[in-house]
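Trainee: Sharing a structure here in structure tokens format.
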């Protein structure tokens with residue numbers, strides 16, 4: 001049974017890492033589906049919410065706001081065709097690093113966390129924009145921004161619901177491991 005799960009994961013993880021269905025439609029739904037269609041985006045965005053919940057205070061709004069604001073700027077850059085070498089490694093790094101920060105219960109200063117969230121948000125946004133439609137960018141961008149905020153709120157909700165640092169740390173460790181597996185699978 002263990003071998004079955006290992007082989008199944010090895011077969012589906014590469015496709016999950018870079019499969020983003022629906023973004024070609026150019027509609028709100030296409031943008032909405034893009035962040036949830038790829039494990040890399042999904043994991044990073046929920047992990048950012050977990051981190052915000054774990055830290056609390058200003059982090060609850062500042063980290064998601066920095067991520068989404070920079071993500072929209074990155075989306076415009078990607079859509080415009082501006083170059084961004086290493087965008088996929090940056091996205092995978094966001095999964096690993098955000099998960100590790102949660103796993104280690106890191107309490108970094110907001111002066112480091114907010115710019116870090118913005119850098120990761122820009123990378124995710126660039127990928128959304130570069131893979132987005134040639135026409136209809138506005139509804140698409142609104143869709144991926146809404147989905148991202150929902151995923152951040154999901155992470156915050158999970159973090160607030162669990163309240164036990166041990167559980168959050170375990171989820172963070174699992175996120176880091178998943179990011180590493182995605183990197184190896186890619």
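Trainee: Go through the stretch 132-182 and give me each residue that's free of Cβ contacts under 8 Å to residues at least 40 places away in the same chain and within 19 Å of residue 107 (Cα to Cα).
Mentor: Answer for the stretch 132-182, where residues must be free of Cβ contacts under 8 Å to residues at least 40 places away in the same chain and within 19 Å of residue 107 (Cα to Cα): 162, 163, 164, 166, 167.
Trainee: Which numbered condition trips up residue 133, out of (1) modelled with pLDDT of 95 or more; (2) under 27 Å from residue 81 (Cα atoms); (3) crowded, with 16+ Cβ neighbours inside 10 Å?
Mentor: Among (1) modelled with pLDDT of 95 or more; (2) under 27 Å from residue 81 (Cα atoms); (3) crowded, with 16+ Cβ neighbours inside 10 Å, residue 133 violates only (1).
Trainee: Could I ask something else about it? Looking at the stretch 37-50, which of its residues are surrounded by fewer than 24 Cβ atoms within 10 Å (Cβ to Cβ) and farther than 21 Å from residue 60 by Cα?
Mentor: Hits for the stretch 37-50 are 37, 39.
Trainee: Next question. Could we say that residue 115 is under 13 Å from the mean Cα position of the chain (by Cα) and farther than 22 Å from residue 186 by Cβ here?
Mentor: On the way: under 13 Å from the mean Cα position of the chain (by Cα): no; farther than 22 Å from residue 186 by Cβ: yes.
Against the criterion (under 13 Å from the mean Cα position of the chain (by Cα) and farther than 22 Å from residue 186 by Cβ), residue 115 does not qualify.
The values are calculated or read from the model by the stated rules, or taken from the named source; none is laboratory data. Worth saying up front: this structure is predicted, and the values here are computed from it rather than measured. So basically every Cβ, Gly included, is an ideal-geometry build from the backbone, and we count neighbours across all protein chains shown.
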